[in-house]
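The values are calculated or read from the model by the stated rules, or taken from the named source; none is laboratory data. Given the structure is predicted, the values throughout are model-derived calculations rather than measurements. Cβ sites come from the backbone with ideal geometry, for glycine too, and all protein chains shown count toward neighbours. SASA here: full protein model, heavy atoms, side chains in, ligands and nucleic acids out. Shrake-Rupley method; radii C 1.70, N 1.55, O 1.52, S 1.80 Å.
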Amino acid sequence: MSMVLTLVLLPIIASLFLQLAPNSRVQYVISAAVLIVLSFTAFSLNVSADILTFHLPRSLNVFIIAADVALLLFFLYQGKKFNNTKVIFLAAVQLLLYGYIESIVPEGGTAEIVVDSLSKFMFLIINGVGGIIVLYSVRYMEDEPASPVRKRFFIGALLVFLSVMNLIVCANSILLFFFLFEMTTLASYVLIAFRNDEVSRANALKALWMNQIGGVVILLGAWVAVSEFDTVMFDTLLQRSSGLVLLAVAFLAMAALVKGASIPFEGWLLGAMIAPTPVSAMLHSATMVKIAPYLILKLAPALASTMVGGIISIIGALVFIAASYLALSRSVFKEILGYSTVALLGLMMALAAIGTEESMNLAMVLILFHALSKALLFLSAGVLEKQHHAKNIEEMKGMVVHSPQTVGFILFGFMSLTLPPFGLFMGKLFAITSVASLLKEHPSYIIVLLSLIIGSAVLVLLYFKVASALLSAPSDIAPSESIPIPAGYNIPLVLLVLSIIIGAVGYIMIQQNIFVVLLALPILFVFALPSIFRQMDGYDRSQPYHCGEKEMFDSALVYYEPSERIRQALYWGFGVLFVGVAVVGALS
């Protein structure tokens, strides 16, 4: 109990102390101490096999209800203040639904807090990766044009975000989960709007109303659970096998699709790129979107071998391909990373929804290694942004000359996403064999299998495109001295690299398979890439009707822009599938 309380309360207490910190040195001390204590506590909890359960006191439940109503009223106020009808409408619907459900929810039941193996696994990611991002944000905010008060507020808000995430992954009450789900929505809204300009506010409001859709479907799921099964607890609901249990589960799973920014809801996550880079790193790796695969894993016992689970698997698999393809049309580095996150989240949810022990374990492997790799890439993007004012990959051509260390971190991040022996490659490889073994029993999984293969290939092309831009310096640019990375950026990046390496070694040891080691040999090819691309600098060609005049050929950047018709077809197609989850749940 004390360790769980530490995970929930320490970030809040540290956030309060941080508001009083007189300088960045004290902020570093507080952030580093929080990282060490939270990581150690999460690791200690993970070692124990015990399942912990806690009943909340009645007074605390009353406080949560009051806080939930206040939160929804705040959303209503924000909608009215900024004249956003979507926010106003969805907040009003949430208030009505929440009030009605609270009036019919039964007394008693199982514990509101359950800390199981899945919760402990999520603790490792939230506190380890999230803690490193908080430490990095201290240096990042030194370069941010904002007042000292707002800078401290920003870092404090990231800490509170960790606290909310630690609690949501052990919430057994659907209504408590809803409250914390909306608290993450609030945190992202505040952080995305941090720069307080028109673009930031518009994207923050977009993130708000899109995530409110997730809140509405959670409440619909809670309504079905209370009306049909007289319970509002996840564990009790998931033990039922008859009636409208699949409808309740379908509504909850739809919330995961929204939070995971699956198409057509990817706009809120891409819009969040306007925020300071630590926010992007936090949303993509340690918090917010990780609720999506976590929730599907939690619902997996009820989804396995059902039509609802099958549809969610297919949606996730198709999102994996579609988002990978759409990423090829982007040139802003953070947007490219954003689309690849949407793609990989789709894959995680596809595997989780299949619901076999093997597919669920593979989904967890992807969650862990994606969190580490994506945090490394976003934090590296932040270094390029602050030190070189480069956000677009067109501006990053030849960056290996100006910032070889940062480019090295980025290339390592790409390697950890695409090559053996790193966890994402191994997870995708084993997922192919796992899904293939299910085809005889579930022929529809052929869609998942093909999507896995094609989407993986497209993502490799995407990462290769960015890597080639970083490495291929134009010949007409005079060489200049490289700029070293400040320690405040460097230490968090090194910690992430070490975590990825330790994780890969640990994963190989768990597999106890010599072929896994042999698969790692192609990684040696990567070390030859810099020399290959340097040889291509200034590569030119001669066209037959140019009178022999040479034409510069840029082999680094190739874009694949889908037509508006294809975009509309994707959005409408995924929109129909999204609604189809609930329809199939009601008919099953």
Relative to the chain, whose Cα atoms define the longest principal axis, helix 148-168 and its Cα axis are tilted in degrees, nearest 10, by 60
Can you run the Rg to Rh ratio on the range 48-182? Use alpha carbon positions and the Kirkwood inverse-distance Rh.
-> 1.04
Hull surface over four for the Cα convex hull of the range 104-242, reported in nm², is 10.0
Please compute P(r) over all alpha-carbon pairs of the range 305-394, binned at 5 Å starting from zero, and give each bin as a whole-number percent.
-> 3, 15, 19, 20, 16, 11, 8, 5, 3, 1, 0
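Give me the dipole magnitude in Debye, nearest 20, for the range 305-513 about the Cα centre, with unit charges on the beta carbon: positive for Lys and Arg, negative for Asp and Glu. Don't skip to the end; give the middle numbers.
On the way: 9 positive and 9 negative charges, 19 e Å.
Dipole of the range 305-513, to the nearest 20 debye: 80 debye.
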Going residue by residue through the range 26-40, the Karplus relation 6.51 cos²θ - 1.76 cosθ + 1.60 with θ = phi - 60° gives ³J(HN,Hα) values, rounded to whole Hz and with x marking Gly or Pro, of 5, 4, 4, 4, 5, 5, 5, 5, 5, 4, 5, 5, 5, 5, 4
Inverse of mean 1/r across different Cα pairs in the range 388-478, Kirkwood, Å = 15.2
Between Lys440 and Ile566, what is the FRET efficiency for a Förster distance of 35 Å, r being their Cβ-Cβ separation, to the nearest 0.05?
-> 0.55
For the chain, with +1 on Lys and Arg beta carbons and -1 on Asp and Glu, the positive-most of Ser380, Pro421, Ile446 along the dipole | Ser380
Could you give the alpha-carbon Rg of the range 43-83 over 2.2 N^0.38 Å, rounded to two decimals?
-> 1.98
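List the relative contact order of the chain as a percent without decimals, with contacts defined as Cα pairs under 8 Å and 6+ residues apart.
Result for the chain is 14 percent.
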For Ser472, enumerate residues with amide H under 5 Å from its amide H, sequence gap 5+ or separate chain, H modeled in the peptide plane.
-> Gly398
Mean Cβ count within 10 Å, highest first, over the residues of peptides 46-55, 30-39 | 30-39, 46-55
With a 1.4 angstrom probe the carbon and sulfur portion of accessible area for the chain, in percent, totals 68
What length, rounded to one decimal in nm, is gained on full extension from Ile51 through to Tyr100, with 0.36 nm per residue of separation minus their alpha-carbon distance?
-> 14.4 nm
With the calculation restricted to Cα positions, what are the radius of gyration and Dmax of the chain in angstrom?
-> 23.7, 86
Orientation-averaged projected area, Cα convex hull of the range 167-219 (nm²) = 3.5
Compute the relative contact order of the range 305-513 as a whole-number percentage, counting only Cα pairs closer than 8 Å that sit 6 or more residues apart in sequence.
-> 28
Heavy-atom accessible area per residue - the chain, 1.4 Å, Å² | 39
Spin-label pair Asn23/Phe89, simplified geometry with 7 Å Cα→Cβ offset, distance in nm = 5.4
Gap separating the Cα centres of the range 1-64 and the range 343-406, nearest whole Å | 26
Compute the FRET efficiency between Leu450 and Ile483 as 1/(1 + (r/R0)^6), taking r as their Cβ-Cβ distance and R0 = 41 Å, and round to the nearest 0.05.
-> 0.40
Using Cα atoms only, what is the angle between the long axis of helix 291-303 and the major principal axis of the chain, expressed in degrees (0 to 90) to the nearest 10?
-> 50
With label points set 7 Å from each Cα along the Cα-to-Cβ direction at Asn392 and Ala70, the distance between them in nm comes to 4.5
Please report, in whole Å, how far the alpha carbons of the range 305-513 spread along each principal axis, starting with the longest.
-> 61, 36, 24
Other-chain or far-sequence residues with amide H under 5 Å of Thr53's (modelled H) = Val115
So what's the angle, to the nearest 10 degrees on a 0 to 90 scale, between helix 404-418 and the longest Cα principal axis of the chain?
-> 60
Relative counts (whole %) of C-alpha pair distances in the range 19-76, using bins that are 10 Å wide | 17, 20, 27, 35, 1
For the pair Asn196 and Ala146, the simple spin-label estimate (label points 7 Å beyond Cα toward Cβ) gives in nm 1.0
Integer Hz, Karplus 6.51/-1.76/1.60 couplings in order for the range 67-74, x for Gly and Pro | 5, 5, 5, 4, 5, 5, 5, 5
